[in-house]
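The values are calculated or read from the model by the stated rules, or taken from the named source; none is laboratory data. For clarity, every value in this text was computed on a predicted model and none was experimentally measured. Note that we place each Cβ from the backbone using ideal geometry, even for glycine, and neighbour counts take in every protein chain shown. SASA here: full protein model, heavy atoms, side chains in, ligands and nucleic acids out. Shrake-Rupley method; radii C 1.70, N 1.55, O 1.52, S 1.80 Å.
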Amino acid sequence: MKRKIFFQRKTKETDIKIELNIDGKGKANVATGIPFLDHLLDNFAKHGLFDLKIKAKGDLEIDQHHTVEDIGICLGQAFKKALGDKKGINRAGYFVFPLDEALAVAAIDISGRAYSNFNCKFKKEKIGDLDSDLIKEFFLGFVRNLEATFHIRVLSGENEHHKAESIFKAFGKAMKIACSKDKRILKELPSTKGLI
Ligand SMILES: [Mn+2]
């Protein structure tokens, strides 16, 4: 079964279209109306080897909140649908990604249990054109809809661009590991409970 999906969600606040291939090559085409968020999601796709197309139109004239949060929601739903029955997947993954002085850890378990522990504080309100406090909201929307447990730590870092980018690179690599299949358990769910 191909782990590919087209997903669209339209509300009065945002209109978001996502094409995702979990078993891709890292081809990204992201246009959210917020160029720095595009940059972060490009990095996520590139390092996770996901083919990812996102077209988002949000009510940016109000602020960026709806758009960033809803992209997290839609991306979480897209992964959940594309993963299908989850048989054979590693389920959990983590990565520690350095970017010069910045070092981020992302640990994920696609466990059916939504929990986000995002501990990075940004000193600046804006990174490029992105409201930095919305990165936390993006991950909350993502894990609630993927139904996954997620921890993000930034162990060191000075530059805000480096901190944010190292988070999304670690996020991509950790998701790649968690979504990857292990040939030995292709017909099994990776759970002692028998349910995810
Ligand atoms: Mn960069």
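Do we have residue 63 as over 16 Å from the mean Cα position of the chain (by Cα) and not in a loop (DSSP other than H, G, I, E, B) here? First the steps, then the outcome.
Working: over 16 Å from the mean Cα position of the chain (by Cα): yes; not in a loop (DSSP other than H, G, I, E, B): no.
In short, no.
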*asked:* Just to be sure before I move on: is residue 104 within 16 Å of the ligand (Cβ to nearest atom) and on the phi < 0 side of the Ramachandran plot in the structure I sent?
replied: yes
*Scope the stretch 129-158; condition open to solvent by 50 Å² or more (accessible area, probe 1.4 Å), closer than 19 Å to residue 82 by Cα and part of a loop (DSSP other than H, G, I, E, B); matching residues*: 147
*Residue ID - surrounded by the most Cβ atoms within 10 Å (Cβ to Cβ), chosen from residues in the stretch 161-195 that are of a type in the set (Val, Ile, Thr) and under 12 Å from residue 90 (Cβ atoms)*: 177
*May I ask you to verify whether residue 42 is buried (at least 18 other Cβ atoms within 10 Å of the Cβ) and farther than 21 Å from residue 116 by Cβ?*
yes
*Find the residue count for the stretch 4-20, including only residues that are in contact (Cβ under 8 Å) with a residue 40 or more places away in the chain and either open to solvent by less than 30 Å² (accessible area, probe 1.4 Å) or touching an Asp or Glu at 6+ places or on another chain (Cβ under 6 Å) (or both).*
6
_Evaluation of residue 98 against (1) open to solvent by 60 Å² or more (accessible area, probe 1.4 Å); (2) in contact with a Gly (Cβ under 9 Å, 6 or more places away or on another chain); (3) in a strand (DSSP E or B) (one fails), failing number_ = (2)
